[in-house]
Every structure is written in C-alpha cells, then in structure tokens.
Amino acid sequence: MPSRAPKLMTIISRLNIGGISPYVIPVTALLRERGYQTSLVSGSVGKLEGDMGYLAGRVGVTPISVPSLGREISPLKDFATIRDLYRLIRREKPDIVHTTTAKAGFVGRIAARLAGVPYIFHTYHGHVFHSYFSPAKTQFYLMLERFGAALSTRIVTVSSNLKREIGEVFRVARPAKVEIVVPGYDLADLYALRRPLGDFRARFGIPADAPLVGIVGRLVPIKNHALFLEAAKRVHDQLPAAKFVIVGDGELRPAVEAQVQALGLTDAVIFTGWQADLPPIYAALDAVVVSSKNEGLPSAIIEGLVTGVPVVATAVGGVVDLLAEGRGALVPPGDTDGIARGVIAALTDPAIRAGAEAGRKAAFDQYHILPSVDRLDAFYRRFVG
C-alpha cells in the first residue's frame, strides 16, 4: 500500500459521445473525493463523433491530451504514442494505470509496463471481435489483445456475458484473470422524470399523441440503423401514426437518410443530430430500440430502463445481461420481424408499459454513478489497500 494517497491514471482513446465518456469523466472526479490522486488521459475526437469534453469541465477534471491516442491501432506508427505515454507515466508515477478502449489499451498497457507501474488494468466496455472487421483483421486484433492481456494485472468486463466472451469464447485472457465491475452513469435527472413531457416533441414537430420510437447513438455500421429502419417500416405499416426519431450523428447519416427515403418513411422519421440534454428525449419516447450487431453495455438501454421506457434490443454482448429477467424485449441479431413485434407490443400493451415503469428503481440502484464508484473503489482497494 502506498504511504501517500494512491495515484490512478485512466487512459481512454478519446472523449467522444458514447457510453464510456459519461462514465470515466465523473468517476475520475468522484474517486478523487474518495482519496485517490486521479488523472485522465485522452486523445483527439473525430470530426463526426461529437465531443464530450465539456463534461470534464463541469466536474472539475482537466484531461491530459495525447492527440495521437484518437487514431486506430497502427503498430508501426504508434511508437511515438507509446513514447509520449511512457514519459507521462514516468513523470506522474501512478500506482494504477487503467485503460479503456482498444487503442488506449494497446499503447497504454505497453507504456505502463515499460514504466514499471505496479498495477495495470484494462476494461472491455465491449469488444470488436465480431461484426466489425474482416476475419483476418479480427484475428490480428485478437493477437494484440492477448498480448495486452499478458501485460495486465487484471482484465475487467462490464457484464457476465462479456466476461464469458472475453475469457471463454475469444480467449483473450484466462477466465480467472477476468473480473466484472459494472459501470454506472449520472442518472439522477433521468430517474426524476415523470413521463410524458412534451418539450422534445414540440421542438421537432412531433404530434403529442403519436406513438414515438427512438434509437439513440452514433450512426456507424455496428449500430445497424438499417435494421431499425426495416423494422420501422413494418411498424408503420400496422401503426401509421407512429413516428421514429434517430438521435445522434455519424459517418452513415447520408446512407441512413437515403434508406428512409427508399422505404417511404420520410414523413415518419425525424433526425435530431447530437443532443446533449437527454431527459426531454426519454420523457417523449414510447419505446427505445437498440438494433446493434455487437454491443457492450449500451447507455441507451440503461437510460430507457431508468426512465421507464420499454426497450427492444438485439441479444448481443452485455445487452443479454441488461435485459435479463424480462426487463425488456430481447430478439436475435438481425431479426427485423422480432424488433417490429417487440415495438408494436411496447406501443400497444399497457402491461409492458407498466412493467417498464415498475422497473425504474432497480435499474437506478444498479446503474447510477455512485454505486458504480463504490464497486470500482472496492476493486482498486484490493490492490492498493
């Protein structure tokens, strides 16, 4: 145990809009209140990703910038990044380096091991071992991740199914080396919601009585907005008054807009772009969909559970754990009809809506930021006392 307050350095590829940034930023501040000396290291955000750096300022965290962290892994080009991180770590002398996201995990763990850091952890909030790349590229990434796992004191995952995938399916590390630390978010404002509220609908011209289905997240291939829209077409055929809102932005927006037009859904689908204020969105939704090919522990599902919005999602990654015991509708990946049926049931069955409302407290108690900090603090104290 260090004689001073333990020093923790968290390294993340970039603070883009998504499920990880709203976790690591407040955790950095809250662990400081628990007696840690904390620092947060991040790279640059892509042009179409959306930047959550503003959240760091709100909680008094000043990230240390290493711009090259934002790039994809490129071993032949990353020596300079490893050098920069090595120098930073040698200067700061942390007791713990905790990396998250693939790029930060690769270069960060190498730099930490070279710098002699006592404890090195890496968290998988998801993984890229299927549905992202070609088989050859996937095997290359698996090789790199197994190398990183060998440098790690422990591998952390965020759910039971992800632990199974990391330790048993893809054999990134020995199962005994893989642990679960469930993350959380600042959900107080969402939990305080009393639905429905009409601000969001009014802003985007959505009728107050229209059934409203939303998908919240980056417009990138893994999120599979094409599947969402195919299901939306089936829902709209049966419930013509239904509207569908796409919250977020990204590289696939032109393709998604073209699909909306091709499906004849132009009058039914609303694009909002990035939205920083989440409560009005969930206050307006009647169902939220996650149609991804692969996921970790998507914040959109947690936000839906905490606000009492029925959730329909593909059974991938940590989603299986999030929606266990009937907390939402799980459908096989790629199942257009399954998503459509789940959405129609959510919009028409009062029992489903009542069940979603009744489950809010349990979701809040599990996924709020303060219990998550307790879990992470307890994990670290096993090593630094």
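Since every read-out is calculated from the coordinates, none of them should be taken as a lab result. Treat the numbers as computed from the prediction; the structure is a model and nothing was measured. All Cβ positions, even for glycine, are placed from backbone atoms using ideal geometry, and neighbour counts span all protein chains on display.
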Query raised in the report: In terms of Cα to Cα distance under 22 Å, which lysines are near enough to residue 293, apart from those fewer than 8 places away along the same chain?
Result: 103, 137, 163, 223, 233
Requested in this report: Calculate for the chain the 222 nm mean residue ellipticity that helices alone would give, adding -39,500 (n - 2.57) per DSSP H run of length 4 or more and normalising by residue count, nearest 500 deg cm²/dmol.
Outcome: -12500 deg cm²/dmol
Query raised in the report: Residues with amide H under 5 Å of residue 271's amide H, sequence separation 5 or more or different chain, H placed in the peptide plane at 1.01 Å from N; which?
Result: 246
Report summary line: Diffing segment 279-290: the Karplus 3J(HN,Hα) column from phi (6.51, -1.76, 1.60, θ = phi - 60°), in whole Hz with x for Gly and Pro, holds x, x, 5, 5, 5, 9, 7, 9, 7, 10, 10, 10
Report summary line: Treating only Lys and Arg (+1) and Asp and Glu (-1) as charged, each at its beta carbon, one finds that the chain has a dipole about its Cα centre, in Debye to the nearest 20, of 1620 debye
Report task. For residue 51, list long-range residues whose amide hydrogen, built 1.01 Å from N in the peptide plane, is under 5 Å from its own amide hydrogen. Result -> 17
Report task. Along Cα→Cβ, 7 Å out, is where each label goes; now give me the distance between the ones at residue 194 and residue 33 in nm to one decimal. Result -> 2.7 nm
Query - Extension gain from residue 365 to residue 93, taking 0.36 nm per residue of separation minus the Cα-Cα distance - result: 94.4 nm
Query raised in the report: Can you give the charge dipole size of segment 331-385 about its Cα centre, rounded to the nearest 20 debye, using +1 on the beta carbon of Lys and Arg and -1 on the beta carbon of Asp and Glu?
Result: 240 debye
**Report entry** Listed residues 284, 351, 38: farthest to the positive end of the dipole of the chain (Cβ charges)
**Finding:** 38
Report task. Specify whether the C-alpha gyration tensor of segment 121-160 places it in the rounded, prolate or oblate class, a ≥ b ≥ c being the square roots of the eigenvalues: rounded for a/c under 1.5, otherwise prolate if a/b is larger than b/c and oblate if not. Result -> oblate
Query raised in the report: Using the Cα gyration tensor of the chain, with a ≥ b ≥ c the square roots of its eigenvalues, what is the shape: rounded (a/c below 1.5), prolate (a/b larger than b/c) or oblate (neither)?
Result: prolate
Query raised in the report: Roughly speaking, what is the stretch gain from residue 59 to residue 263, that is 0.36 nm per residue apart minus the C-alpha to C-alpha distance, in nm to one decimal?
Result: 69.1 nm
**Report entry** In Hz, Karplus ³J(HN,Hα) per residue of segment 52-57 (6.51, -1.76, 1.60; θ = phi - 60°; x = Gly, Pro)
**Finding:** 9, x, 4, 5, 4, x
Query raised in the report: Using the Karplus equation 6.51 cos²θ - 1.76 cosθ + 1.60 (θ = phi - 60°), what ³J(HN,Hα) coupling, rounded to whole Hz, does each residue of segment 195-200 give in order, writing x for Gly and Pro?
Result: 7, x, 10, x, 4, 5
**Report entry** Simple Cβ-charge dipole of segment 188-366, Lys/Arg +1 and Asp/Glu -1, about Cα centre, in debye nearest 20
**Finding:** 120 debye
Requested in this report: When a/c is below 1.5 the answer is rounded, else prolate if a/b is larger than b/c, else oblate, so apply that to segment 188-366 with a ≥ b ≥ c taken from the square roots of the Cα gyration tensor eigenvalues.
Outcome: rounded
Report summary line: Which residues qualify? For residue 290, with a placed amide H closer than 5 Å and at least 5 residues away or on another chain, they are 312, 313, 314
